[in-house]
Every structure is written in structure tokens, then in C-alpha cells.
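Data block below; observations after.
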Amino acid sequence: MSSDNSRGDSGAEGAPPEQLALIRESVRKAKEPRAKPRTWRGAALAKELPVARVLVDKGVLHLDRYFDYAVPEELDAEAQPGVRVRVRFGAGRHRVREGRREGGGLIDGFLVERRAESDYSGPLAALAQVVSPEPVLSEELLGLARAVADRYAGSLADVLQLAVPPRSARAEQRPSPAPLPPPPAPEAGSWARYERGAAFLEALASGGAPRAVWNALAGPEWSAELARAVAATLASGRGALVVVPDGRTASRVDAELTALLGEGRHALLTAEAGPEKRYGEWLAVRRGSVRAVVGTRAAMFAPVQDLGLVAIWDDGDDSHSEQHAPQPHARDVLLLRAAQDKCAFLLGSWSCTVEAAQLVESGWARPLVAVRDQVRAAAPLIRTVGDQDLARDEAARAARLPSLAWQVVRDGLRHGPVLVQVPRRGYVPRMACAQCRAPARCRHCAGPLQARDAGALRCGWCGREEGSWHCPECGAFRLRAQVVGARRTAEELGRAFPAVPVRTSGREQVLDTVPGAPALVVSTPGAEPVAEGGYAAALLLDGWAMLGRPDLRAGEDALRRWIAASALVRPQGDGGTVVVVAEPTLRPVQALVRWDPVGHAVRELAERAELGFPPVSRMAAVSGTAEAVAEFLAMVELPSQAEVLGPVPLPVTPVAAGRSRRAGAPPAGEQWVRALVRVPPGRGSALAAALKAAQAARMARGSGAALWVRIDPPDIG
DNA sequence: AGCACGCCGACT
DNA sequence: GTCGGCGTGCTC
């Protein structure tokens, strides 16, 4: 049967209803496996490749597949792969009685492919509109989005919403500038301080794809080093992408790139620019006018052409986790990109996450480190104040500050600014051995024990009660809740040194830099200003607060924050000193004293492997009402060896605090539960696939109750 | 999610 | 006979 679209009445509202009914009937009866494209309107179609495969822009999982549409002749030229389109979508074909096809509104989508035939055995609806001829969704970007959706059990449309910025017609109309020729390969510069630093740069410059986990030396040179890695990649004729945690850090790297490459070779992609400007920059990158990008997490999808290097700075910072579904982490997206584009990979940090250690241990990446002597020389001297010191120190108890700390601050203020790091509010205390401070863990699943009502102990993962806890480390029977400390100390310090100005940097107002003159700089973690010439000293307060969070990462995180603050302090050769108020026997404190974040991460990794924790095992969280979670767990076909922990009740969001409507958080006042599912190494994709399939089936059935599935939950206690 | 189909009971 | 209840399934 040949096409019935030969009449060419493209402008008419449609064929007579009888004919439409006839088409439908014949299609139904003939059951052709591969229908020639036909439209309800009978409009003239494109002569070549008259079928457009379209991804409809709806995040729902059961629509996470392509739909075929017919390409009308007049849209033939513009309807190219990658463009944004609008199509009619939804049930509504039965309105043909009135002679036209109405129901089903216009929705947005992406044209993914042009084909000769459809494997859909019904008449195709026609593309309604090509929104713009700009091919925003390249094959590479589609492939990446697909991989991210699979990894996180999310829908392709959700990922594309993160990956492709909203259109701005004005930005699209402006032509992007002509690309500049590749710059010369840069000198090794301060990369020479690292054992394999110069070799890494040379590999980038000569078109290679080295993969490294870079433990940066303390001090301010890291941003220039990142810029050199970008320049080396550009020199090879390829593009480069750098993702950093926040806008402040992005502008630091941006400044180094401008210093090294001049204007016009790189783009800065952060949320601070407005949507139009941002889309303009994004387009310049996509069109190949600009070959290098530095930006915050949304830049992880930046469509850099001929990508040669992806880099991430400080992957332990939680702003690398996307807040929108399916909540991918920049490190993992860049890992997928490196694998897909076969490009170089650089993960840099002053500290070291367990995930980074795993990349090295698995042999996927090589360590990029300095020799021990260099490491120690670049770092300040670290001194600790623990419980014993506090107990001995009567004055300290009264003033809440030990005399060693007073002394270091006083000496430091003679030579320059002194940083005081105070914890942010809102950490939840968890239980630990009163004697040795080992975190109290469930004997069944090794989850964190938490004190519930009336002092009953309960596991935060599997919900089992613990009636007769004793410490597996030292045998003690008593527990203590680890306390959250005060920022009053900062005020006290200010009063104690009345001649010195006190400056604060925190959530409300983040200072970028402070001058090299003596001053007390009080800051929360992550908001520390850079001091001109480095801080003379730093005081890290309330180590208990940072270590006491009921989180698997508490140790790693505390160390990362301490190291980030200490890295802003002058080297010990120049008198730089840091005092940390925390028990010196604790592992993260010892790692800080030795300045050995990598060793710390390696030990954590070994322990996680033994206990079946992520990232060695893959975990997923399923949260919702008790009924929804139970129903979901009953129907999901989990891969073999999968283990379900819980469900346990989640804390109820106070009605007053309804402002923080985080993705996956229960609505204010509603009681939700959470189950954790874990699988052994290598079964992660099977787990994601199973969860996604079950979620899709649930949605298709229209089970109304909200339910959240989160791969790699960040807060598993 | 919409929205239309379809296979059951009360109605002009 | 026909209108219409909402349970079920599809959306190119």
C-alpha cells in the first residue's frame, strides 16, 4: 500500500472523516509491521527520511522512549536531528468524528533522528513545529544523558532538562564569535612540584587521555595548575571542561585562565549570569567558538566540542550533587563523559574522597602527588587540643578555649590574619562509645545507632532496636551523644583581642579575600576567604560537631574541611600554625596532623569494602509513605544478592519549615519511611535498571502516592 | 497525568 | 435500546 499523502493539501485542516476512519481500519486490519508514514491530515511529507524520532519532554518514566512523527514537507529542512520541536501528544485520535484531530496538547520535545520508516504500525501524527533550527542536542550529549539516566534510574527527559538550558531566541540570533586558534602548550610551571606533573601536562598537550587523581599541595597554586591543564589540552586542538563547587571558585579559575590564555578562549558557566547570557555562552560552546569551559555543576553537561579533558575540583563538596532529579553527581557525570569520549580525566582536591581513592585503587586513574617532603613543606604545622588537655586546663574550661589556642592566635596576630573556623548550625548528634568515641553501629547491618524516644537505641538503616549495646572496640557499655558546639567562642575571641578587627564570612555574606594585615577572620566551613600572603594561623573549633554528624562521611568531611581551611595558612617554614580542637587519637585528626588525606581515604575505603558500604557497594534509597514503599518493594524485581534494609521512619518535616522542599523530602507534617537497598560491587547498573522498571510500572498504573528513588543517597548515616 | 475505550446497570 | 458508571490502557 502506497502512501496516501500524495494529495499535498498541507494547509488544509484534514481529510474527510470517512477517509480517516478508513485509514485507521485498514491499518488495524492489515497489521503492517512497518507502516509507511501517514498522517491524519494527509499533508505532504518530506521526500527523504519522512519519519522523525522524537523524545517528548515529559519526565515520567513510562514515557521514557521515543515516539515517531511524520515530517511535513515544509519542515523538512529545519527538522534536523538535535533541534527542539513541538508535537501533539496524548490520547485524542477519536475526535476524528469531527474531521480533525484535536485532543492532546502541544508539548515540547527533541528531534533525535530522521529515518526512512517507522516501526510503529499506526498512522503517524505530524510534527507541529520546529521551535528553532539550532541543533542543541548532539549525539554525544544524547548519549551522555542516556548514560546518566540509566546510572541514576531516572528519565532521559529529566536529565535533558539539566543538560540543555531553556531557549532564549535573542541569544540564539546573536552570532557566536569565530574560534581562536589553539594556544601554544604551556610550561609545566608549578606542576613540576608533582612527581608526574610535567608528564601529565605533556600527555594532554600531545593529544593523550591520561586519567589522574590529583592530591593538590596546600596553598593557592592549584587554580593556576588547573588552568595549565586546560591550556595544554587546548594546545592539542581539543576542548576542556572544569567543574568546581561554587561561583567563587569558578571565578578564581576563570581569572587564571584569562591570565594564561587571554580573553575569548574560554567560557564561564555559573548560575550567577542570567538565563539569556548563560544560554549565549552555552551556544558559543556548542558551536565551537569557545573550546574551554569552567563552571559549577550544571556545566558538567556543557557541550564542549571534541572534548579532550574533563576536570573536577574538590569532589567531596556536596554542591557537586545536583538538586534536581535524578540528582546526578558531577564526579560521576564526568566519569561517564571520560569513558564515552575517551578523554583525559583529572580529579583534584587538597583532600581525598573515598570515591577518588577507589578510582586509584581500581587502577582506572593514577595518583598525581608530590613527594612527602614537598607535602609537609607546603603545609602548616598542625597542633591538637583534646579532652585531656581541656581537662587539665582549668582556664580553658572557664573560657571554653584552651591556652594553646590563645597562644597560637596571639602569636599569629603579630604576623598577619588568623582564621577561625566555626561549624554551621544544624548538625544532628549521633551516638558514640563514651570511652573510645568509636561510632555506635548496628550489629546486623552496620548502620548508625541513634537515640530515639526514651533513650531506646535504634538503627538508622534497618530499624532494628539495640537493647544491649557494648563497644566492639574497647568493650565499654556506655554511650554518649556527641554534642554540637558554639560559635560564642568567636565573640569571646574578639573581646579578648580588642585591638584587632574581626571579620566574618558565612552563609549570609561570603568574603572572597582578606588583606594580609592582622585580623580575626571568623568563617563557617566552605566560606573561608583567601588571605593575601596566607593566614598566619588558623583555629579549627568544635571538632566534635563536625565528627559527630550521623553520617558515613562525617570523618572524611571533617578532614576535608579542616584541610581546606589549613591549606589557606602559610607553610610551616613561614611560621604557619593550625590548632584543631579535637581528640588527637581520632583517625581524621591524625590524618590532618600527618597531612595525609589520601592515606585516610584509602583506609576508609578498605573499611567500607569490609562493611558493605558505598561506594564499594552501591546503595539506593526508596522513600515515601509506608504503604507506597511496601508496595514498591513487593513488586520490584531486585537483582540477586540485593539486600533490603528497613524501612525505617524518616524524621517528620516540621510544618513551619515547609520552605525547604527538597527533592525526595516528605511534605511538611507527613510521616514517610525510607528503605535502603544495597548490592555488591558490579551490580549497580542492574539495581538501577530494576528500580527504574518498577517505578515505570508503578507510574503507568497511576498509583498516586508519591515515592522517591535515589541512587547513591548522600545522607545514609 | 489526561483521555478515550469498553463492558456493566437504570432510564426516556 | 441507549446513556453513562469509572476500571484499564495508551499516548507516535
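Estimated at 0.36 nm per residue, the fully extended path between A:SER362 and A:ALA634 surpasses their Cα-Cα distance by 94.4 nm. The Rg/Rh ratio for region A:205-318 is 0.93, where Rg is the radius of gyration of the alpha carbons and Rh is the Kirkwood radius. Prolate is the label for region A:545-645, because a/c, from the alpha-carbon gyration tensor with a ≥ b ≥ c as root eigenvalues, is 1.5 or above and a/b exceeds b/c.
Based only on other Cβ atoms within 10 Å, what is the fewest-to-most ordering of A:SER223, A:SER640, A:SER289? List each step's numbers first, then the result.
Working: A:SER223 24, A:SER640 8, A:SER289 19.
Ordered from fewest to most neighbouring Cβ atoms within 10 Å, A:SER223, A:SER640, A:SER289 come out as A:SER640, A:SER289, A:SER223.
Multiply the residue separation of A:ALA665 and A:GLU139 by 0.36 nm, subtract the distance between their alpha-carbon atoms, and state the gained length in nm to one decimal. Display every interim value, and only then the final one.
Values: separation 526, 0.36 × 526 = 189.36 nm, distance 3.43 nm.
Computed gain between A:ALA665 and A:GLU139 is 185.9 nm.
Where Lys and Arg each count +1 and Asp and Glu each count -1, what net charge lies around A:LYS47 among other residues with Cβ under 10 Å from its Cβ? Here the charged neighbours net out to -3.
Taking all pairs of distinct Cα atoms, average 1/r, flip it, and tell me the Kirkwood hydrodynamic radius of region A:316-391 in Å to one decimal place.
Numbers: mean 1/r = 0.0640 Å⁻¹.
It is 15.6 Å.
Computed from the C-beta positions of A:GLU492 and A:VAL644, the FRET efficiency with R₀ = 56 Å rounds to 0.70. Label-to-label distance for A:GLN173 and A:GLN340 is 3.3 nm, based on points extended 7 Å past Cα in the beta-carbon direction. The Cβ shell under 13 Å around A:ILE563 holds other residues with a net charge of -3, Lys and Arg each +1, Asp and Glu each -1.
List A:CYS343, A:CYS462 from most exposed to least, where exposure is judged by having the fewest other Cβ atoms within 10 Å.
Details: A:CYS343 25, A:CYS462 19.
So the residues, fewest neighbours to most, are A:CYS462, A:CYS343.
Of the peptides A:568-576, A:493-501, A:346-354, the ranking by mean beta-carbon count within 10 Å, highest at the top, reads A:346-354, A:568-576, A:493-501. Exposure proxy shown here: for A:LYS47, A:LYS277, A:LYS58, the number of other Cβ atoms within 10 Å sets the order, fewest to most, as A:LYS47, A:LYS277, A:LYS58.
Sum up the charges of everything whose Cβ sits under 14 Å from the Cβ of A:ALA689, counting Lys and Arg as +1 and Asp and Glu as -1, but leave A:ALA689 out. Kindly include the intermediate steps, with their values, before the conclusion.
Numbers: positive: A:ARG146, A:ARG151, A:ARG618, A:ARG683, A:LYS692; negative: A:ASP64, A:ASP150, A:GLU637.
Computed value for this residue: +2.
Here, each number is a calculation from the coordinates, and none is a lab measurement. This is a predicted model, so every value here is computed, not measured. Heads up, the Cβs are rebuilt from the backbone with ideal geometry, glycines too, and the neighbour counts pull from every protein chain shown.
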